[in-house]
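Contents: one structure, followed by commentary.
The values are calculated or read from the model by the stated rules, or taken from the named source; none is laboratory data. The model shown is predicted, which means the values in this text are computed figures rather than measured ones. Because the Cβ atoms are built from the backbone with ideal geometry, glycine has one as well, and the counts that use them run over all protein chains shown. For the accessible areas, the whole protein counts, side chains as well, though only heavy atoms, and no ligand, DNA or RNA atoms are used. Shrake-Rupley method; radii C 1.70, N 1.55, O 1.52, S 1.80 Å.
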Amino acid sequence: MLVVSDLSKTYAPGGEPAMAGLDFTVGEREFVCIVGSSGCGKTTMLRCLSGLIPPTEGSIELEGRAVQGPPEDMAYVFQDYSRSLLPWQTVAGNVSFPLKYKGLSKAEAAAATEEALAAVGLADRGRSYPWQLSGGMQQRVAIARALAYKPRILLMDEPFASVDAQTRAELEDLLLDIWRRFEITVLFVTHDIDEAVYLSQRVLVLHKPAHVFEAIDVDLPAERDQMDTKKLPRFGELRSRVLASLRAPDTTSA
Amino acid sequence: MQPSAVPAPVHRGEVSTPAAGSPRTAGAGPTPVAGPRGSAGRNDGPKEPGRARARLYRFGLGLAGVVGVIALLELVVRLGLLPEAWFPPPSEIFPAFARLVVSGELFGPVGQTLQGWVLGILAAAAVALPLGIAIGSIELAHRLTRFMLEFLRPIPPVALIPAAVLIFGSNLDMKVFLIAFGTFWPILLQTVYGIHDTDPTLRDTARSYGLPRRARLVRIVLPSALPYIATGLRIASAIGLILAITAELVVGTPGIGVSITDAQSAGDAQDVMYAWILAAGLLGFLLNGSLQAVERRVLHWHTSFRGEAR
Amino acid sequence: MIRARLGDWALALVVPLLLLVGYDLWARGAGDFFFPPLSVIGGNFADDWLFERVPTDLLPSLARMLAGYAIAVAIGVVAGMVLGSLRTLAIALDPVLQFLRALPPPTLIPVSLLVFGAGDSAKIFLIALGALWPVLLNTVDGVRGVDPTVLDMARSYRIPARARLLRVVLPAALPRIFAGARTALAIAIILMVVSELVGASNGVGHTVQLAQRGFNIPEMWAGTVLLGLVGFAFNALFVAVERRALGWHHGSTGRGGAPTRRTRLRRERPRPVLTPTRTAVAVESAAAGPAPTEGSVPDARRQ
């Protein structure tokens, strides 16, 4: 569904590349996590994939079509929820904000908003303002906004990095639930190895400048549980593998 | 102890004035207005494209802007789009300004305007600073005066010009009184807010380390109020200049304002009049710029002056 | 809570009342020609401004002031939005704009007389020109200070450019625009008075000056008091409007307004789209704003 081939990005001409020869594919309804140490070019990669900035080289294809600007079938969930939500709009206003420009009628937008808010468990908070909610709830609003947009693929940039551990676990399970129910594809960037292994079907390990160093299949049972899954010996093995891969000296340098 | 460690620091007074841009937006010079989009804010964009180069770019661009605007004005006047009787072409204003500088004619009135400005602000600060510190640190005084300060602040100081002329006559005293009255409020209010809004954590820390009251005031409260006070002084500087020139224009106390009206009534001396206006603008620009430079130096520890990061 | 606030107000009224009474007693005793007792000033105030001269002098003053102010805000916001979106141009014009802001507006009185003669247009022109710069510069800063994350969000959701400008950039810049508009208001009131002290045929400032020239001291003070009240009233009005328009902002930054329990609890959250910092102060102050940029929201210090 998403085919990324030989993607490179250099900001200043002649400068160091932020991304070099990034290659991977994401299948229909797959849940893929991307891990990499900080500063390895993850954000650059996401901005390219989402069509916000053009790559220097290479191509991105979403469902067979080249990505040249923000695609219609994609929604982006930002790490910093407090900055991506509009403080002058209510929760419902934030969720429905993009829908009007997608061509939905008022009634359709309202219905989609309601459905999305219900899916993240905020059905009764539509009239609050984002800043009246806790951090975890705010990120739920951002996820609801993405859901209401009805994307085929969800791009998530460390969405749970700034919430506390308990909330984070709840949000992870919420996301898995949504992923199944809404039958969407998720590309999830994180620097948390546990999170990556717990959530995904496949982990892509990024090395600097952003390129895929190793792809690790997560062969854990489909049904995940914060307690049980993380107790599995296999979970520990995968964890160590990802960690080793992250720390491995780069031999495949592009 | 570092007052800058306060989260979401200071100026709770300035509630109405939020900002996301860089701290030094008011820069009279090539100061950055907002973080460079897309680069500095992102962790894997190019870092530090070279600060010196960025500054040079800004300076060059600003210079080009100045030259461009002047050229445009010249063109507009020459083409007759702006009547020459209203606005002479810059190619006449600048030589007129240069003549004022060369002949030394400029410096008398500029000095007189500055004299009123300095004396007025000094008088205001001499009263407002101690009073502000007292009101800000004594809770009862703060509560007693708050309403009155809120009420007196928005009163336009120029309303007092007729009364001041009557009481003092059309002389330097009147100008100094007017400036002192007008600049008293911003200095006082900023001082009060600065003192009163000292971060409680900071106060508690100081107390828990057993600092005596005097030391707390000098080492903790005053430094953390300093940015407010500096702001008050900068506001005062701008108001002071406005009032000085108003007094000169309206009442005729000597200074730049009188030179402007003289040039105007001399007839056919538009270029000289605009040269004086240019002088007034440059004076304001320089005063603001130098105050900011001092502030930046003295308050370098303050968050709003630290680096480009927010 | 309400009782506490009432007590607060009562306390706050003590000093002004004492001062007024003290002045009155002194003035009665001293009999100074320049400082008549309050009753005399008050009587004059009632004679002149309740409401005989309201239509002939007060309303023309206010009309000119509001017209000039409206022009300044309209042009300032529109031009500021444009300039704020054009980064290179904004940097290039920065020194010129800073110069224009630093130029004391009264110097333009002769220019306004030259261009428009002594009528209303000259005064409106002067007020508009003086009040323009703080609005314009604050709008530029506000637009340029919009969080890039919000802009990315809007682009990634394919919000069209026009809607991005009006529904994302404009609201995000609004707190700054208001800060500029508040400074501009104070300047507009000052220029209203100043413009009436030079070549006017009506207006409150003109009345005060005539009274002074005719040595009608109580009338002069009555007019001066009225000007003070006008300044106070407009400032209060502005604060009310701002509180309404920026309720979300005061809420999201956890300051001002009447904080609910929740907003108070939520104070330490990560920085919102716009965070008040010293910046704003710097900007506003450089705007020569006689309104010291302090709290538009007195509550901020009261809780």
Contact-by-burial set, the range C:217-245, min loss 50 Å², accessible area of protein heavy atoms with 1.4 Å probe, reference chain alone, gives C:232
The lysines whose Cα lies under 28 Å from the Cα of residue A:150, excluding any fewer than 8 residues away in the same chain, are A:42, A:100, A:102, A:106
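What does the charge count around residue A:7 come to, taking other residues whose C-beta lies under 10 Å from its C-beta (Lys +1, Arg +1, Asp -1, Glu -1)? Provide the component values of the computation, followed by the final result.
Working: positive: A:9; negative: A:6, A:23, A:57.
In short, -2.
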Rounded to the nearest 10 Å², the accessible area of residue A:150 using a 1.4 Å probe with every protein chain kept is 110
P(r) over all Cα-Cα pairs of chain A, 5 Å bins from 0 to the longest distance, whole percent per bin, short to long, reads 1, 6, 13, 17, 19, 17, 13, 9, 4, 1, 0, 0
P(r) over all Cα-Cα pairs of the range A:82-150, 10 Å bins from 0 to the longest distance, whole percent per bin, short to long, reads 25, 59, 15, 0
The convex hull of the Cα atoms of the range C:110-202, divided by residue count, gives a volume in Å³ per residue of 99
Taking every DSSP bridge whose two residues both lie in the range A:1-160, the antiparallel percent to the nearest 5 is 75
Going residue by residue through the range C:188-194, the Karplus relation 6.51 cos²θ - 1.76 cosθ + 1.60 with θ = phi - 60° gives ³J(HN,Hα) values, rounded to whole Hz and with x marking Gly or Pro, of 4, 5, 4, 5, 4, 5, 4
Semi-axes in Å, largest first, for the range B:196-310 (Cα gyration tensor, √(5λ)) are 45, 16, 8
Taking r as the C-beta separation of residue C:59 and residue C:32 and R0 as 45 Å, the FRET efficiency to the nearest 0.05 is 0.85
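With a 1.4 Å probe and every protein chain left in place, work out the accessible area per residue of the range A:82-150 in Å², rounded to a whole number.
Numbers: 2460 Å² over 69 residues.
Using a 1.4 Å probe on heavy atoms only, each residue of the range A:82-150 averages 36 Å².
If you take every DSSP beta bridge fully contained in the protein assembly as shown, what fraction is antiparallel? Give it as a percent rounded to 5.
On the way: 20 of 40 bridges.
If I count the DSSP bridges inside the protein assembly as shown, around 50 percent turn out antiparallel.
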For residue A:185, other-chain or 5+-apart residues with amide H closer than 5 Å (H placed, Pro excluded) are A:29, A:153, A:154
Cα extents of the range B:60-127 per principal axis, largest first, Å, are 53, 30, 23
Which residues qualify? For residue A:211, with a placed amide H closer than 5 Å and at least 5 residues away or on another chain, they are A:20
Cα extents of the range A:69-114 per principal axis, largest first, Å, are 29, 27, 15
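For the range B:88-305, what mean projected area does the convex hull of the alpha carbons give, in nm²? All intermediate terms of the calculation are to be shown ahead of the outcome.
Details: hull surface 58.2 nm².
The Cα convex hull of the range B:88-305, projected and averaged over all directions, gives 14.5 nm².
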Computed, not fitted: 222 nm per-residue ellipticity of the protein assembly as shown from DSSP H runs ≥ 4 (each -39500 (n - 2.57)), nearest 500, equal to -19500 deg cm²/dmol
Computed over the protein assembly as shown, the convex hull of the Cα set has an average projected area, in nm², of 41.2
Compactness summary of the range B:183-260: radius of gyration and Dmax from Cα atoms, Å, are 18.7, 60
